[in-house]
Amino acid sequence: MSTKHLVTGGLGFIGSALVRRLVRDGHAVRSFDNSSRGSAERLGACAKDVEIVEGDIRDPVAVRRAMKDIGCVWHLAFVNGTEFFYRYPAYVLDVGVKGMTNVLNGAIQEGVPELILASSSEVYQTPPSVPTDEETPLSVPDPLNPRYSYGGGKIISELMALNYGREHFDRVLVFRPHNVYGPAMGYEHVIPQFICRLQSMAAASDRMDFPIQGDGLQTRAFIFIDDFVDGLLLMYGKGSHMNIYNIGTMDEVAIASLVTTVAACMGRNIRIVQGAAMEGGTLRRCPDTRKLKALGFCPKTTLEAGLRPTIEWYVSHPRPTRSGTIRADLFLS
């Protein structure tokens, strides 16, 4: 009898991709999401095969109810998007810490044997070495900077999952995504923001100014969503209890090069204009993925190949006027 999976945040960008793959592989799946930033439309044709439960991850009763008859819980529910870290840090931590507490308590009470936790590359902040492996110390450089509400919440979640995992679960795995991108990923991330800004610019033969934050020498390593889910399922199939895995590529790209590539794909001729960098940003971020590669991981999609469908999606789905906000009713009184 196959394991029934619960995916919290199952209507989000990564969550919905995971749900689709689990269904395709023949698993029974339950999604738990508050539908604040996603919808069942993300599940496409497989939505009819998914048990979709709407609820708040901060509600312990709802979370425990969602754990019934579950063999593995994938905890992805969190507030993502750099815009939100700066604007709603208390909300980010509220969802992160209460959500992790409720998931652990609910899973233990219902006897769920496996827990898979989504962490983040943000737990490293400014790492001492790049590429950065899983044994690198985690840090919150400045507790007064609201940006670190996200990384701090993920560090707390890792500590809770791993320490509860020693006693209460047959297997706990933690994965740290590194700059996952693709169609319908949301509008609060660097690639969609570049696409939307470039789309608003008229195509012209003359080079046009394109302001960016900082000098453009900051680097990231981007992984296309399909490759990411391949790595995630590989980790699930072969990963060992109480282990942490980076999931990403080791192809480090400067932000200036990224925006130039996106512009070229969109037929835009731009001149990059440097600007002020947001406080708390990291100059370099690139994962060391040798641990996952030892299990057989091998990403297939180049940045240019992944950008094409991503650009096509955003060009046909302009940013909604209300995007970048969080509904006031999502806050608990």
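The values are calculated or read from the model by the stated rules, or taken from the named source; none is laboratory data. Just so you know, these numbers come straight off a predicted model, no measurement behind them. Every residue, glycine among them, receives a Cβ derived from its backbone with ideal geometry; neighbour counts consider all protein chains shown.
Of all residues in segment 279-318, those satisfying the criterion of being free of Cβ contacts under 8 Å to residues at least 24 places away in the same chain and polar (S, T, N, Q) are T302, S316.
Within segment 1-31, being of a type in the set (V, I, T), in contact with a Cys (Cβ under 7 Å, 6 or more places away or on another chain) and not in a helix (DSSP H, G or I) holds for one residue alone: T3.
Collect the residues in segment 2-34 that are charged (D, E, K, R) and touching an Asp or Glu at 6+ places or on another chain (Cβ under 9 Å), keeping them in residue-number order. Steps first, please.
Filtering segment 2-34 down to residues charged (D, E, K, R) leaves 4, 20-21, 24-25, 30, 33.
Of everything in segment 2-34, those that are charged (D, E, K, R) and touching an Asp or Glu at 6+ places or on another chain (Cβ under 9 Å) turn out to be K4, R21, R30, D33.
Within segment 61-86, the set of residues being over 21 Å from R37 (Cα atoms) and surrounded by fewer than 20 Cβ atoms within 10 Å (Cβ to Cβ) comprises V61, R64, R65, K68, D69, G71. When we screen V29, V73, V53, V63 for residues that are modelled with pLDDT of 95 or more and either within 19 Å of V92 (Cα to Cα) or not assigned by TED's automatic domain parsing to the domain that holds R171 (or both), the only hit is V63. Every test in (1) under 18 Å from the mean Cα position of the chain (by Cα); (2) over 30 Å from D142 (Cβ atoms); (3) of a type in the set (S, T, Y) is passed by T3 save one, and that test is (1). Is it the case, given these coordinates, that G248 is more than 25 Å from L303 (Cα to Cα) and either surrounded by 20 or more Cβ atoms within 10 Å (Cβ to Cβ) or modelled with pLDDT of 95 or more (or both)? When the stated conditions are applied, G248 does not pass them. Within segment 275-292, being outside any strand (DSSP E or B), surrounded by 14 or more Cβ atoms within 10 Å (Cβ to Cβ) and among the basic types (K, R) holds for R285, K291.
For segment 114-132, name all the residues that are in a loop (DSSP other than H, G, I, E, B) and within 18 Å of the chain's Cα centre (by Cα). Break it down stepwise before answering.
Taking segment 114-132 and keeping what is in a loop (DSSP other than H, G, I, E, B), we get 119-120, 124-131.
Residues satisfying the conditions are S119, S120, Y124, Q125.
Among the residues of segment 153-175, is there at least one that is of a type in the set (A, V, I, L, M), over 27 Å from G111 (Cβ atoms), without any contact (Cβ under 8 Å) to a residue 60 or more places away in the chain and surrounded by fewer than 16 Cβ atoms within 10 Å (Cβ to Cβ)? No, the conditions are met nowhere in segment 153-175.
Output yes when any residue across segment 140-163 is over 17 Å from G96 (Cα atoms), in a loop (DSSP other than H, G, I, E, B) and among the charged types (D, E, K, R), and no when none is. Scanning segment 140-163 turns up at least one residue that is over 17 Å from G96 (Cα atoms), in a loop (DSSP other than H, G, I, E, B) and among the charged types (D, E, K, R).
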